[in-house]
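The values are calculated or read from the model by the stated rules, or taken from the named source; none is laboratory data. Note that the coordinates shown come from a computational prediction; the quantities given were computed from them, not determined experimentally. Here the Cβ is made from the backbone with ideal geometry for all residues, glycine too, and neighbour counts use every protein chain on show. Each accessible area value is taken on the protein alone, full model and side chains, heavy atoms only, with ligands, DNA and RNA left out. Shrake-Rupley method; radii C 1.70, N 1.55, O 1.52, S 1.80 Å.
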Amino acid sequence: MNFPILSSLIIFPTVGAIFILFGRSSSNYNAAKYISLFVSLANFILSIFLWYEFDKNNSGFQFVEERLWLEGLINYKIGIDGISILFIILTTFITPLCIISVNSTIKNRLKDFLIAILVMETMMIGVFCSLDLVIFYLFFEAGLIPMFLIIGIWGGQRRVYSAFKFFLYTLLGSVLMLVAIISIYWITGTTDVIKLYELGIDAKYQHLLWLAFFSSFAVKTPMWPVHTWLPDAHVEAPTAGSVLLAAILLKMAGYGFIRFSVGLFPIASEYFVSFIFVLSLIAIIYTSLVALMQEDMKKLIAYSSVAHMGFVTMGIFTMTPEGIEGSIFQMISHGIISAALFLCVGVVYERTHTREISKYGGIVSVMPRYAVVFMVFTLGALGLPGTTGFIGEFLILLGTFKVNFVVATIASLGVILGAAYMLWLYRRIVFGEITNTELNKLVDLNKSEMTTLSILAIASILFGFYPDPLLSTTTTSVESLIELFNSNIKLYTASNL
Amino acid sequence: MINFDLIFPEIFLSLVIMFLLMIGVFKKNSERLVYNLSIISLIILFALVINLYTFEESYIFNESYKIDILSLFTKSLVLIVAIFIMISSFSYLKTQSILKIEYPILILSSILGMMVMISSNDLIVFYLGLELQSLALYVLASFKRDNILSSESGLKYFVLSALSSGLLLYGCSLVYGFSGSTNFNTISDQTFQTQYGVIFGLVFIIVGLAFKISAVPFHMWAPDVYQGSPTSVTLFFAALPKVAALTVIIRFLYTPFVNLMDQWQTILVFISIASMLFGAIAAIGQYNLKRLIAYSSISHMGYALAGLASGTNQGIQSSITYISIYLVMTLAFFSCLFMLRKKSVFYEKIEDLSGLSTNHPVLSVALLIVLFSLAGIPPLAGFFAKFYIFMAVIEQSMYFLAIVGLLSTVVAAFYYLRLIKIIYFDKPKEKFEKDHNIGLKITLAISTGILGLYFIYPGLLNNIISRILLI
């Protein structure tokens with residue numbers, strides 16, 4: 001097929017953003033809304049078409065496009081495999097929902113907001129497509145600019161602090177990755193991921209390079225102890241910003257771990273497994289406990305994200321098919337569920353302008369539909385069988401039990417804690433007597449809120465009962481990645497004997 | 001037989017300067033005419049220089065004047081940027097009522113000095129060009145005579161620059177004394193690692209030139225001079241002398257002193273690290289945009305020197321790329337500054353930018369692009385500039401330099417972000433005037449366009465720059 005479908009996926013949102021920028025409708029935002037909705041939906045349909053065309057039994061990269069870019073140094077190269085395609089679909093799926101949710105949440109400068117979201121979509125799709133380290137870095141970093149503006153312009157009280165913290169933390173992590181990428185270029189002569197998979201990187205460089213990549217991904221994941229930017233960013237970002245951040249931005253790092261850390265530096269990855277396990281366990285247990293203590297709804301969900309991403313990193317570094325597939329599934333599931341939870345928080349925040357849990361209670365009697373939807377996602381987040389959350393956590397724990405019994409047991413405790421803080425949150429908000437009289441005035445979900453939330457709920461339950469379409473897409477690629485990993489390890493141990 | 005074609009641009013420029021002086025003296029109220037004529041002559045000059053690209057590397061005047069790709073490229077860079085500087089600063093000069101006939105003539109003489117400097121292949125020719133350039137700049141710095149800050153900056157620049165010229169001359173005389181020649185090629189043949197006299201000379205020359213590009217620890221003049229000079233002159237200071245001086249540094253390091261690479265590499269690494277870090281940290285406390293850009297330019301010079309410190313052709317090319325992109329960023333930034341005008345007063349405090357995005361969305365987007373580019377965030381041009389530098393530095397396994405450089409970009413990102421915060425997150429103030437000179441608008445559009453769209457075809461400059469091979 002000659003049509004550059006991936007490049008169009010990347011460029012299309014930005015083209016839409018340019019249309020909005022130069023559209024002369026400063027007072028009337030409808031045109032901007034429709035353009036952005038149209039563009040993002042078209043992108044979603046295109047990505048579904050991509051999924052349809054995608055060959056699940058091919059373990060290599062498909063839809064590869066390569067163009068001369070920095071002459072003699074770096075080519076623009078993009079392509080997808082079973083690992084990345086799901087993230088692209090997640091991105092194109094979440095973005096239109098964000099744009100619908102914007103209707104009620106963003107009051108001022110809507111046009112700029114839509115531009116920022118569309119540019120963000122370009123960057124996120126670019127991250128998941130890129131098959132060249134420099135191109136990857138370019139998209140990875142460029143995403144900071146729109147997100148900085150989203151948090152800073154439309155955020156809450158401490159938005160400036162949070163935006164700066166978000167930007168500088170991530171930048172600090174990433175510059176070391178840039179050093180590593182350039183070093184890889186001089187060590188191997190290329191930054192093309194496919195070639196690097198074939199060539200392999202000399203074992204003596206792998207540990208330092210792995211750490212440099214880790215510094216960037218750990219901040220972005222975020223892993224304990226560099227997770228502190230996340231609660232701040234989440235709390236201050238507007239609802240749509242939180243959704244993008246939780247649903248997609250965090251996945252860039254998880255994806256990076258699978259694609260680059262495991263794929264490019266197998267020996268170092270093997271070496272650092274216990275390091276990752278320890279950090280992941282701390283993230284799971286410690287942030288779950290912290291989440292229990294939160295008074296702010298968004299902060300609680302933010303900490304739960306850290307805990308969930310702890311499962312993801314743990315699953316990836318089990319290096320088992322179950323673990324990695326589980327991690328990918330968990331990321332998709334977390335993308336759907338956390339997006340929905342942030343939207344749920346946004347719904348009540350728009351009505352009461354407070355996120356303090358103690359101000360709520362007894363919402364079920366005034367907002368019954370909301371209570372039902374929120375219930376679905378609460379159960380999803382704690383991993384009830386029948387939701388996507390269960391399958392992800394189950395596969396990860398399955399993979400971990402294979403590798404390390406103790407780690408898996410401790411992580412299972414995290415599942416219980418997760419149930420505790422999510423159910424407690426739900427109880428405090430939805431059940432009980434109405435103590436705050438203002439809550440009596442609340443109106444139940446309106447049409448657009450109902451649409452977005454029910455789409456997400458359907459996705460969560462559908463793939464919870466029938467995960468096969470997602471799992472079968474990833475299986476072949478994950479298996480070939482693990483094969484590559486194992487053969488590298490064997491080669492290395494053989495050479496060391 | 002001397003081939004005068006090679007030096008024809010310089011001869012043409014000297015004639016133009018004298019001709020314009022005559023017009024200025026004999027024709028009353030000819031400021032505009034002289035200004036426009038000088039822009040036209042710069043354009044002709046640019047065409048003349050472009051025309052020379054067909055020549056091979058060649059020397060004239062007993063090998064004391066060199067025409068090669070390096071000199072031609074930096075000359076055309078100087079000229080094209082000078083044209084845009086002249087176009088964009090016209091309205092500023094008029095509003096500030098400092099549009100006098102001397103102004104364009106001094107600019108042209110300074111450019112003549114730079115061209116001589118860039119092409120020099122001999123200590124004496126080099127010094128001649130340098131002084132011609134500097135003398136014109138002293139006057140330009142204090143061009144707003146009745147403003148105390150402007151006079152101060154002129155005097156300060158003169159005194160400190162004279163000191164550095166003294167050091168430079170002393171270095172030149174040492175080099176001449178120990179190598180027996182003023183010609184770069186001969187010096188190169190005559191110098192060896194063990195000649196301490198030449199090494200002393202080298203250090204003095206590097207110090208003198210570091211002063212001209214305001215690298216730490218010889219940067220003290222820059223913030224005051226930048227702040228005090230009229231903004232159009234600050235733009236000139238921030239852009240052109242740095243290109244000329246950087247070219248001369250390249251020439252010095254890679255022709256006469258190429259055998260002393262071990263010695264000067266250490267010095268350059270130190271200067272470069274100090275400039276990157278100091279520029280980034282000191283800018284945090286600044287509240288005047290011109291002072292801020294002074295510190296930012298100190299930091300940027302550190303990156304340009306980091307490329308040179310690698311001691312390879314790739315390093316030289318990355319430095320030239322860096323300085324080219326830096327020029328575009330400076331031009332774009334100052335074009336934005338020229339637009340902050342209210343009732344004939346130009347605003348240059350950071351807080352004057354407060355909430356700019358509400359009233360001036362287009363100008364704010366331009367500033368956003370410029371500032372993120374200065375911070376080196378992809379996909380803007382500033383990222384590619386830094387990328388090339390670090391490619392060259394890491395190729396030589398100078399990891400310390402690379403990591404310090406990248407960490408100082410994070411520090412520097414803080415103050416660029418603070419500007420963006422003020423523009424985008426803060427409460428709006430009174431509107432600025434919106435009727436801008438068309439030339440200024442074009443300059444801003446072109447320069448931000450280059451910065452924003454550079455990623456589409458980043459090989460733009462490489463075709464020419466990759467032909468610069470000195471070792």
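Say each of residue A:11 and residue B:148 gets a label point 7 Å from the Cα, pointing the same way as Cα to Cβ; how far apart are those two points in nm?
It is 5.9 nm.
Mind checking segment B:426-471 for trypsin sites (Lys or Arg not before Pro) that DSSP puts in a loop (not H, G, I, E or B) and that have at most 12 other Cβ atoms within 10 Å?
B:431, B:434
Which shape class, rounded, prolate or oblate, goes with segment A:217-332 when its Cα gyration tensor gives a ≥ b ≥ c as root eigenvalues, a/c under 1.5 marks rounded, and past that a/b bigger than b/c marks prolate?
Here segment A:217-332 falls in the prolate category.
Which order do B:75, B:343 take when ranked by solvent-accessible area (1.4 Å probe, heavy atoms of all protein chains), largest first?
So the residues, ranked largest to smallest area, are B:343, B:75.
Counting heavy atoms of the protein chains only and a 1.4 Å probe, report the per residue accessible area for segment A:199-268 as a whole number of Å².
18
Can you compute 3J(HN,Hα) from phi for each residue in segment B:396-404, using the Karplus curve 6.51 cos²θ - 1.76 cosθ + 1.60 with θ = phi - 60°, rounded to whole Hz and x for Gly and Pro?
Working through the residues one at a time gives 8, 6, 8, 5, 4, 4, 5, 6, 4 Hz.
Using a probe radius of 1.4 Å on heavy atoms only, what accessible surface per residue do you get for segment A:28-67? Whole Å² is fine.
58
Once phi is turned into ³J(HN,Hα) by the Karplus curve 6.51 cos²θ - 1.76 cosθ + 1.60 with θ = phi - 60°, what whole-Hz value does each residue of segment B:374-380 show in order, with x for glycine and proline?
4, 6, x, 8, x, x, 7
Throw me the Rg/Rh for segment B:50-108, computed over C-alpha atoms with Kirkwood Rh, two decimals.
Result: Rg/Rh = 1.18.
Between segment A:189-242 and segment B:97-138, what is the separation of their alpha carbon centroids in Å?
A separation of 50 Å, based on Cα centres.
Please sort B:169-180, A:5-16 by packing, taking for each peptide the average over its residues of neighbouring beta carbons within 10 angstrom, highest first.
Top to bottom by mean Cβ count within 10 Å: A:5-16, B:169-180.
Under a 1.4 Å probe, what is the accessible area of segment B:275-420 per residue, stated in Å²?
I get 22 Å² per residue for this part.
Give the dimensionless ratio obtained when the Cα radius of gyration of chain A is divided by 2.2 N^0.38 Å.
Relative to the 2.2 N^0.38 Å estimate, chain A comes out at 0.93.
Find how much the distance from residue A:409 to residue A:423 grows on full extension, using 0.36 nm per residue of separation minus their present alpha carbon separation; answer in nm with one decimal.
Contour length minus Cα-Cα distance gives 2.9 nm.
Under the rule of at least 5 residues apart or a separate chain, name every residue whose amide H is placed under 5 Å from the amide H of residue A:132.
Sorted by chain and number, the residues that satisfy this are A:77, A:193.
Hey, if we sort B:189, B:224 by accessible area with the 1.4 Å probe, largest down, what's the order?
Descending accessible area places them as B:189, B:224.
Compare the Cα positions of B:373, B:458, B:178 along the charge dipole of segment B:4-465 (+1 at Cβ of Lys, Arg; -1 at Cβ of Asp, Glu; about the Cα centre) and return the one farthest towards the positive end.
Final value for the positive-end residue is B:373.
If each DSSP helix of 4+ residues adds -39,500 (n - 2.57) and the sum is divided by the residues in chain A, what number results at 222 nm, nearest 500 deg cm²/dmol?
-25000 deg cm²/dmol
I'd like the accessible area for residue B:85: 1.4 Å probe, protein heavy atoms, all chains in place, Å² to the nearest 10.
0
Only helical DSSP H runs with n ≥ 4 go in: add -39500 (n - 2.57) per run for chain B, normalise by residue count and round the 222 nm mean residue ellipticity to 500 deg cm²/dmol.
Mean residue ellipticity, 222 nm, calculated: -24500 deg cm²/dmol.
Per-residue Cβ counts within 10 Å, from other chains only, averaged over B:369-379: what number is that?
Per residue, the number of nearby Cβ atoms from other chains is 4 on average.
Over segment A:226-270, one equal point on each Cα, no solvent: what is log10 I(q)/I(0) by the Debye formula at q = 0.18, 0.27, 0.29 Å⁻¹?
-0.62, -0.89, -0.95
Suppose each label sits 7 Å from its Cα in the direction of the beta carbon; what would the residue B:21-residue A:437 distance come out to in nanometres?
Placing both labels 7 Å along Cα→Cβ, they lie 8.9 nm apart.
From zero up to wherever the largest Cα-Cα distance of segment A:272-333 sits, split into 10 Å bins and tell me the percent of pairs in each.
Percent of Cα pairs in each bin: 25, 46, 25, 5.
Taking each residue of A:68-78 in turn, how many C-beta atoms of other protein chains fall within 10 Å of its C-beta, and what is the average?
Average neighbour count from other chains, rounded to a whole number: 3.
Mind checking how much accessible area A and B bury in total, 1.4 Å probe, in Å² rounded to 100?
Protein heavy atoms only, the A-B interface buries about 3200 Å².
Quick one: if you stick a label point 7 Å off each Cα along the C-beta vector at residue B:262 and residue B:36, how many nm between them?
Spacing of the two 7 Å Cα→Cβ label points: 6.2 nm.
Express in Å², to the nearest 10, the accessible area of residue A:3 obtained by rolling a 1.4 Å probe over the protein heavy atoms while all chains stay in place.
Spelled out: residue A:3, probe radius 1.4 Å, area about 120 Å².
Evaluated at 20 °C with a viscosity of 1.002 mPa s, what Stokes-Einstein diffusion coefficient in µm²/s does segment A:344-464 have when Rh comes from the Kirkwood expression over alpha-carbon pairs?
For these conditions, the coefficient is 136 µm²/s.
Relative to a virtual label point 7 Å from the Cα of residue A:67 in the Cα→beta-carbon direction, which members of segment A:79-95 show backbone nitrogen distances below 18 Å?
A:79-80
For a quick check of understanding: with a 1.4 angstrom probe and all protein chains in place, what accessible area in square angstrom does residue B:328 have, to the nearest ten?
Approximately 30 Å² of residue B:328 is accessible to the 1.4 Å probe.
Need the C-alpha centroid separation for segment B:385-407 versus segment A:94-118, integer Å.
Segment B:385-407 and segment A:94-118 have Cα centres spaced 39 Å from each other.
Please list log₁₀ I(q)/I(0) at q = 0.04, 0.05, 0.07 Å⁻¹ for the protein assembly as shown, using the Debye equation with identical point scatterers on the alpha-carbon positions.
The Debye formula, applied to the Cα set alone, gives -0.21, -0.33, -0.63.
Within segment A:94-220, what whole-number % of the accessible surface is contributed by carbon and sulfur, with the 1.4 Å probe and all protein chains included in the calculation?
Answer for segment A:94-220: carbon and sulfur cover 62 percent of the accessible area.
Just to verify a number: FRET efficiency for residue B:200 and residue B:344, C-beta to C-beta distance, R0 = 56 Å, to 0.05?
Efficiency at R0 = 56 Å is approximately 0.60.
Could you tell me what % of all Cα pairs in segment B:323-392 have separations over 14 Å?
Everything past 14 Å amounts to 63 percent.
Can you order the peptides A:278-290, A:234-246 by their average number of other Cβ atoms within 10 Å per residue, highest first?
A:234-246, A:278-290
If R₀ is 51 angstrom, what is the calculated FRET efficiency for the pair residue B:441 and residue A:292, using the beta carbon separation as r and rounding to 0.05?
Step by step, r from the Cβ atoms, then E = 0.30.
Taking each residue of A:175-182 in turn, how many C-beta atoms of other protein chains fall within 10 Å of its C-beta, and what is the average?
Mean number of neighbouring Cβ atoms from other chains: 6.
Could you calculate the contour length gain from residue A:444 to residue A:466, that is, 0.36 nm times the residue separation minus the distance between their Cα atoms, to one decimal place in nm?
Stretched out fully, the residue A:444 to residue A:466 stretch lengthens by 4.9 nm.
Per residue, what volume in Å³ does the Cα convex hull of segment B:4-465 take up?
129
For segment A:30-42, take each phi angle, set θ = phi - 60°, evaluate the Karplus expression 6.51 cos²θ - 1.76 cosθ + 1.60, and give the result in whole Hz per residue in order, putting x for glycine and proline.
Result, ordered by residue: 4, 4, 4, 4, 5, 4, 5, 5, 4, 4, 6, 5, 4 Hz.
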